[in-house]
Amino acid sequence: MKIAILSRGPQLYSTQSLVRAGIKRGHFMHIVDHTRCTLAVGRGRPKIYYNDYPLERFDAVIPRIGASVTSQGASVISQFEMMQCFTVARSEALLQARDKLRCLQKLARCGIEVPRTASVVAGQDLMPMLHEVGGLPVVVKLLESTHGNGVILAETYRTAESVIEAFQRLGERIIIQEFIQEAKGADIRALVVAGEVVATMKRQARGGEFRSNLHRGATAEVVSLGEQEEEAVLRSVKMLGLDVAGVDFLRSRRGPLVMEVNASPGLEGIEGVTGVDVAGRIIEFIERRHEELRNFQANKG
């Protein structure tokens, strides 16, 4: 098969892991920088030009879209969809998962437990919103933050007010969330491929830090999910219409609280900790889908 990986960083671990997994299985792997794609929409067959040359048809596309170019990346994915190309993450699913508020709204509407969350607009009285999320301390987040950037723990009213005002002056959209004290700076990352949890790890923040991102000095270990936790993870991915996703949740007194669903999850940390070839599982999933499509077309013919 010809498989395209939409990635701005050909040297990144996740991109290279997918390339290696595909080549190992005899596929032709191509890295395409989605920010350098030109889209032709209109009469006739939709086309994608890359470095001024039209891209030939791919059997599958694996999007690795960074937060700073979400909209642009989603447009390229949508174009591939118009060209009848299978994509591991659909454009609408990517957009919904990437916007933290929309994602949490969708999950809560489907009965999945999430942290108490409130959006804050400029000029709004902050005190009622703090009450809605359970009072201080609160976590202040940018709606499209990644890797813990733009995530701040505000322990006093003055700190919360100052941080929110600073973000708003920069034109950023923000939310505030309850701080789950009993999580003790730890969260769980579960990787889902084709409706199956294939790898899980517990990330523990270093001393004095509440963010459990590995590149911020957190440690990680393999962990098993309980039945309720696995159900929450799988339902979250299903509700957002994703085939491949990373789900982050906290263990709280009232059960698992889903914090985020990532449509382009990083593979380095979880592959290194668990020893699971997640990239290989993604390629195997693409192979199955390709075979199913071929059988369907053969039977239809």
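Out of the strands (runs of 3 or more DSSP E) lying entirely within region 136-253, which hold 3 or more residues that are in contact (Cβ under 8 Å) with a residue 24 or more places away in the chain and either of a type in the set (A, V, I, L, M) or surrounded by 17 or more Cβ atoms within 10 Å (Cβ to Cβ) (or both)?
Correct list: 138-142, 174-178, 186-193, 196-204, 244-252.
With the checklist (1) surrounded by 15 or more Cβ atoms within 10 Å (Cβ to Cβ); (2) at pLDDT below 95; (3) outside any helix (DSSP H, G or I) in hand, flag the one item Thr70 doesn't pass.
Tallying (1) surrounded by 15 or more Cβ atoms within 10 Å (Cβ to Cβ); (2) at pLDDT below 95; (3) outside any helix (DSSP H, G or I), Thr70 fails exactly one: (3).
Any chance you could count how many residues in region 258-292 are at negative phi and out of contact with any strand residue (DSSP E or B) (no Cβ under 7 Å at 6 or more places or on another chain)?
Final tally of qualifying residues: 14.
Looking at region 96-118, is at least one residue touching a Phe, Trp or Tyr at 6+ places or on another chain (Cβ under 7 Å) and buried (at least 18 other Cβ atoms within 10 Å of the Cβ)?
Within region 96-118 (the criterion being touching a Phe, Trp or Tyr at 6+ places or on another chain (Cβ under 7 Å) and buried (at least 18 other Cβ atoms within 10 Å of the Cβ)), the answer is no, since none of the residues qualifies.
Condition first: surrounded by fewer than 19 Cβ atoms within 10 Å (Cβ to Cβ), touching a residue at least 12 places away in the same chain (Cβ under 8 Å) and in a helix (DSSP H, G or I). Can you find one or more residues in region 41-64 that meet it?
Within region 41-64, none of the residues are surrounded by fewer than 19 Cβ atoms within 10 Å (Cβ to Cβ), touching a residue at least 12 places away in the same chain (Cβ under 8 Å) and in a helix (DSSP H, G or I).
Cβ-Cβ under 8 Å, sequence separation 6+ or interchain: first residue in region 73-94 and of a type in the set (S, T, N, Q), partner assigned to a strand (DSSP E or B). Which pairs?
Ser75/Leu39; Gln79/Cys37; Gln79/Leu39; Gln79/Ile48; Thr87/Ala60; Thr87/Val61; Thr87/Ile62; Thr87/Pro63
I'd like the full set of residues that are of a type in the set (A, V, I, L, M) and either out of contact with any His (no Cβ under 9 Å at 6 or more places or on another chain) or outside any helix (DSSP H, G or I) (or both), limited to region 73-95.
Answer for region 73-95, where residues must be of a type in the set (A, V, I, L, M) and either out of contact with any His (no Cβ under 9 Å at 6 or more places or on another chain) or outside any helix (DSSP H, G or I) (or both): Ala74, Met82, Met83, Val88, Ala89, Ala93, Leu94, Leu95.
I'm trying to understand the selection: among the residues of region 64-104, which are among the charged types (D, E, K, R) and within 14 Å of the chain's Cα centre (by Cα)?
Arg64, Arg90, Glu92, Arg98, Asp99, Lys100, Arg102 - these are the residues of region 64-104 that are among the charged types (D, E, K, R) and within 14 Å of the chain's Cα centre (by Cα).
Can you tell me which residue among Leu95, Leu107 is within 30 Å of Gly22 (Cα to Cα) and outside the structural domain of His30 (by TED's automatic domain parsing)?
None of the other options fit; the residue is Leu95.
Let's see how each residue does on (1) in contact with a Leu (Cβ under 8 Å, 6 or more places away or on another chain); (2) among the aliphatic types (A, V, I, L, M); (3) in the same structural domain as Leu234 (by TED's automatic domain parsing):
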site: Leu130; (1), (2), (3): yes, yes, no
site: Gly135; (1), (2), (3): no, no, no
site: Ile175; (1), (2), (3): yes, yes, no
site: Arg189; (1), (2), (3): no, no, yes
site: Ala194; (1), (2), (3): no, yes, yes
site: Leu214; (1), (2), (3): no, yes, yes
site: Ala218; (1), (2), (3): no, yes, yes
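Hey, can you tell me all the residues within region 223-257 that are hydrophobic (A, V, I, L, M, F, W, C), touching a strand residue (DSSP E or B) at 6+ places or on another chain (Cβ under 6 Å) and within 27 Å of Ile286 (Cβ to Cβ)?
Matches in region 223-257: Leu225, Ala232, Val233, Val237, Leu240, Val244, Ala245, Val247, Phe249.
The values are calculated or read from the model by the stated rules, or taken from the named source; none is laboratory data. Since the model is a prediction, treat every value here as computed from it, not as a measurement. Backbone-built Cβ (ideal geometry, glycine too); neighbour counts: all protein chains shown.
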